[in-house]
1. Could you check the simple spin-label distance between residue 282 and residue 374, using points 7 Å along Cα→Cβ, in nm with one decimal?
2. Percent relative contact order of the range 118-252, based on C-alpha pairs within less than 8 angstrom and at least six residues apart?
3. Taking Cα pairs under 8 Å and at least six residues apart, what relative contact order does the chain come out at, in percent?
4. Of the candidates 105, 256, 305, which one comes out as most mobile in a Gaussian network treatment of the chain with C-alpha springs shorter than 10 Å?
5. Calculate the spin-label point distance for residue 254 paired with residue 46, positioning each point 7 Å from the Cα along the beta-carbon direction, and give it in nanometres.
6. How long are the semi-axes of the ellipsoid equivalent to the range 10-123, from square roots of 5 times the Cα gyration tensor eigenvalues, in whole Å, largest first?
7. Say R0 is 22 Å: what FRET efficiency, to the nearest 0.05, do residue 209 and residue 289 get from their beta-carbon distance?
8. Using alpha carbon centroids, what distance separates the range 197-215 and the range 309-375, in Å?
């Protein structure tokens with residue numbers, strides 16, 4: 001692991017998700033840019049002192065010299081955005097597979113360079129758009145792919161949060177501080193942080209790519225350097241239309257990610273705050289409620305479910321499905337086999353590139369008088 005040391009939020013989420021299914025063991029790490037904090041973090045995680053490194057460069061160079069079966073198999077990068085590219089690039093160059101937090105890099109140029117390196121090396125690269133890991137999200141995707149909604153017409157994806165309704169970054173709060181700093185977060189604030197989640201979820205479930213967009217970005221909190229609110233009109237490759245809302249100044253909201261998609265025959269609705277429920281609304285009859293682990297569900301939804309019905313599965317389990325599928329793919333490759341479609345169902349470097357281009361185009365549109373921008 002690179003990053004995720006003491007005081008970090010997302011690092012422990014990654015560790016919980018990675019170890020949930022028993023396929024993955026944390027064996028080494030460079031957990032902080034400060035060597036003494038990295039050492040202390042490794043000690044708290046009960047790692048062997050000689051596998052806790054002061055820098056990611058030291059870790060990657062040293063691990064690459066260890067024999068097969070002893071050295072790490074892949075690296076998880078859980079740093080702020082501006083620190084994704086360098087360790088990911090070096091890991092790939094040293095023959096290590098990569099799991100990376102989102103957005104994938106600080107800039108599109110960096111993302112494209114990583115994509116070329118992934119294609120050149122043939123190594124696995126997973127991006128933790130964790131909301132795609134929910135069983136009912138996979139059920140929604142399978143229903144649309146099977147044509148149960150008919151031709152898609154309209155989608156509405158929303159991600160309102162309220163935690164940045166005040167200038168929290170001025171208080172020294174670590175998570176707010178780097179996410180609102182253009183030198184560490186990149187050119188986008190809320191749209192890069194949660195807007196890319198909404199974009200990825202829409203394309204994943206619908207199976208359609210965005211082709212055009214028209215964006216409006218706002219910064220409501222005085223003194224903030226990046227956007228904290230935005231809305232985007234979208235056109236998808238089939239001609240379907242969509243709207244995307246990503247705001248971090250919706251006072252009182254938690255992580256209220258939701259998506260509604262409507263076709264010629266039916267619509268569906270999924271909400272992250274009630275993740276085990278998928279509502280299907282039919283044109284010629286009443287609504288149907290699908291529940292995780294109940295009744296006949298798609299193979300993908302079943303593959304992503306661990307517990308019997310009525311035992312709620314949530315954020316960590318969805319996150320863990322990315323790690324599980326990545327691990328199963330890697331284990332298959334180690335055995336000389338080709339990963340199947342279920343194992344390969346996780347966001348990749350291609351999703352990362354699309355996310356970075358989405359940020360670019362949203363900002364381009366927001367700053368343009370023409371508004372509609374090809375994507």
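1. Taking the simple label geometry, residue 282 and residue 374 are separated by 4.3 nm.
2. 32
3. 20
4. Maximum fluctuation in the GNM of the chain, among the listed residues, is at 256.
5. Here the answer is 3.0 nm between the modelled labels.
6. Whole-Å semi-axes of the equivalent ellipsoid: 22, 16, 14.
7. On the way: r = 30 Å, r/R0 = 1.35.
FRET efficiency, residue 209 to residue 289: 0.15.
8. Between the Cα centre of the range 197-215 and that of the range 309-375, the gap is 12 Å.
Each value in this text was obtained by applying a stated rule to the coordinates, not by laboratory testing. Quick caveat: nothing in here was measured; it's all calculated off a predicted structure. Glycine also receives a Cβ, built like all others from the backbone with ideal geometry; neighbour counts cover every protein chain displayed.
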